[in-house]
Amino acid sequence: MRVWSIANQKGGVGKTTSVVTLGGLLGAEGHRVLLVDLDPHGSLTSYFKLDPDSLEHSMYQLFFNNQCKNREYIGQVIRPTTMPNVDLLPAATSLATLERQVSGQEGMGLVLSRALAQVWEEYDYALLDTPPILGVLMVNALAACQRLVIPTQTEHLAMKGLERMVHTLKMVMQSQKRQLPYTIVPTLFDRRTSASVSTLKEMRRIYRDSLAEEPIPVDTRLRDASQQGVFPHQLEEESRGVRVYKHLLTALNTDLEKVS
Ligand SMILES: Nc1ncnc2c1ncn2[C@@H]1O[C@H](COP(=O)(O)OP(=O)(O)OP(=O)(O)O)[C@@H](O)[C@H]1O
Ligand SMILES: [Mg+2]
């Protein structure tokens, strides 16, 4: 299984949209995909019309009730999506209390890794949607993944957040004693605005080697898809956004073959 984290400490930059769009495209290629919601806000969970406030089984139980090695229980947590070969491990809003309850407890950084090990042969990809804070959930995601995708909005303020994110990433990698390849993906790009254009230029200058080639454009079809709870390619296979996400997917997979 290939495990990718989609992360940025800044909110509203297209993390959940990237997880859903990339996951849907991988599913359309015939891969077995597991989407994992690690964000207590549960946007990915809500995307598929589940209520993160009232789920009986969720990521929360895997952490808090120490069920991460219980394959049978994980099976109860996993939910279907609108594609037969794409599944979801949903979040619960109660995940927000996790930090207080379990931080400092031995082994808490490896809960997700252990849970994914239980289904390792059952999926080709796991895509992790992460919360915008560096806490126990983010640490779990970084420990479990082999690659990091960092969506970053093409606007000036986002550059500061990106700098922080890359710094955090390097610190966590150091403490976990591992290297993690990462790709920065410029998002919500509007070529008619000078802010978008100049920020992209700046990103290319600073992060040349780690930057995706093409920015994800603003595409209202992505928003429409989220309202309808379907994968963007199911709504419109060739929308501008979906097209660029397809190129990104090819690049991510090719790059992975190079580094591994
Ligand atoms: N390329 C795009 N074009 C148009 N709208 C987009 C695009 N990407 C994301 N959006 C919209 O922007 C909003 C924020 O995106 P999203 O929820 O994916 O961000 P996020 O980083 O996961 O946010 P949060 O930190 O709150 O979880 C959503 O309404 C989404 O539909
Ligand atoms: Mg999100």
- Message: For the structure I just gave you, tell me whether residue 203 is part of a helix (DSSP H, G or I), surrounded by 13 or more Cβ atoms within 10 Å (Cβ to Cβ) and either modelled with pLDDT under 95 or touching a helix residue (DSSP H, G or I) at 6+ places or on another chain (Cβ under 8 Å) (or both).
- Response: yes
- Return yes when residue 51 is in contact (Cβ under 8 Å) with a residue 24 or more places away in the chain and either in contact with a Cys (Cβ under 8 Å, 6 or more places away or on another chain) or of a type in the set (Asp, Glu) (or both) and no when it is not. no
- Query: Which residues, counting only those in the stretch 1-24, are open to solvent by 40 Å² or more (accessible area, probe 1.4 Å) and farther than 23 Å from residue 167 by Cβ?
  - Reply: 2, 17
- Item | Out of 194, 210, sole residue that is farther than 19 Å from residue 133 by Cα and without any contact (Cβ under 8 Å) to a residue 24 or more places away in the chain | 194
- Task: Would you mind stating whether residue 16 is more than 11 Å from ligand 2 (Cβ to nearest atom), of a type in the set (S, T, N, Q) and in contact (Cβ under 8 Å) with a residue 12 or more places away in the chain?
- Result: no
- Message: Filter the stretch 186-211 down to the residues that are away from ligand 1 (no atom under 13 Å from the Cβ) and closer than 30 Å to residue 45 by Cα and list them by number.
- Response: 210, 211
- Working carefully through the options 142, 134, find the one that is within 15 Å of residue 176 (Cβ to Cβ), touching a helix residue (DSSP H, G or I) at 6+ places or on another chain (Cβ under 7 Å), surrounded by 15 or more Cβ atoms within 10 Å (Cβ to Cβ) and at pLDDT below 90. 134
- In the stretch 142-156, is there at least one residue being away from ligand 1 (no atom under 13 Å from the Cβ), closer than 18 Å to residue 91 by Cβ and under 10 Å from the mean Cα position of the chain (by Cα)? no
- Those residues of the stretch 74-102 which are open to solvent by less than 30 Å² (accessible area, probe 1.4 Å), of a type outside the set (Val, Ile, Thr) and assigned to a helix (DSSP H, G or I), in sequence order: 95, 98
- Expected single match for buried (at least 18 other Cβ atoms within 10 Å of the Cβ) and in a helix (DSSP H, G or I) among 113, 46 is 46
- Task: For the stretch 99-137, enumerate the residues that are within 16 Å of ligand 1 (Cβ to nearest atom) and among the basic types (Lys, Arg).
- Result: none
- Query: What is the number of the single condition among (1) part of a loop (DSSP other than H, G, I, E, B); (2) modelled with pLDDT under 95 that residue 258 does not meet?
  - Reply: (1)
- Would a scan of the stretch 13-28 turn up a residue that is in a helix (DSSP H, G or I) and charged (D, E, K, R)? yes
- Message: Among the residues that make up the stretch 222-239, is at least one of them surrounded by 15 or more Cβ atoms within 10 Å (Cβ to Cβ), of a type in the set (Phe, Trp, Tyr), at pLDDT below 95 and outside any helix (DSSP H, G or I)?
- Response: no
- Item | Hey, residue 103 among the hydroxyl-bearing types (Ser, Thr, Tyr) and closer than 13 Å to residue 40 by Cβ or not | no
- Restricting the first residue to the stretch 54-71 and requiring it to be over 18 Å from residue 41 (Cβ atoms), which pairs with a second residue that is of a type in the set (Asp, Glu) and open to solvent by 10 Å² or more (accessible area, probe 1.4 Å) meet a Cβ separation below 7 Å and a spacing of at least six or different chains? none
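The values are calculated or read from the model by the stated rules, or taken from the named source; none is laboratory data. Because the structure is a prediction, the values reported are computed rather than measured. Note: ideal-geometry Cβ built from the backbone for every residue, glycine included; neighbour counts use all protein chains shown. Protein only, heavy atoms only, side chains kept; ligands, DNA and RNA dropped before computing areas. Shrake-Rupley method; radii C 1.70, N 1.55, O 1.52, S 1.80 Å.
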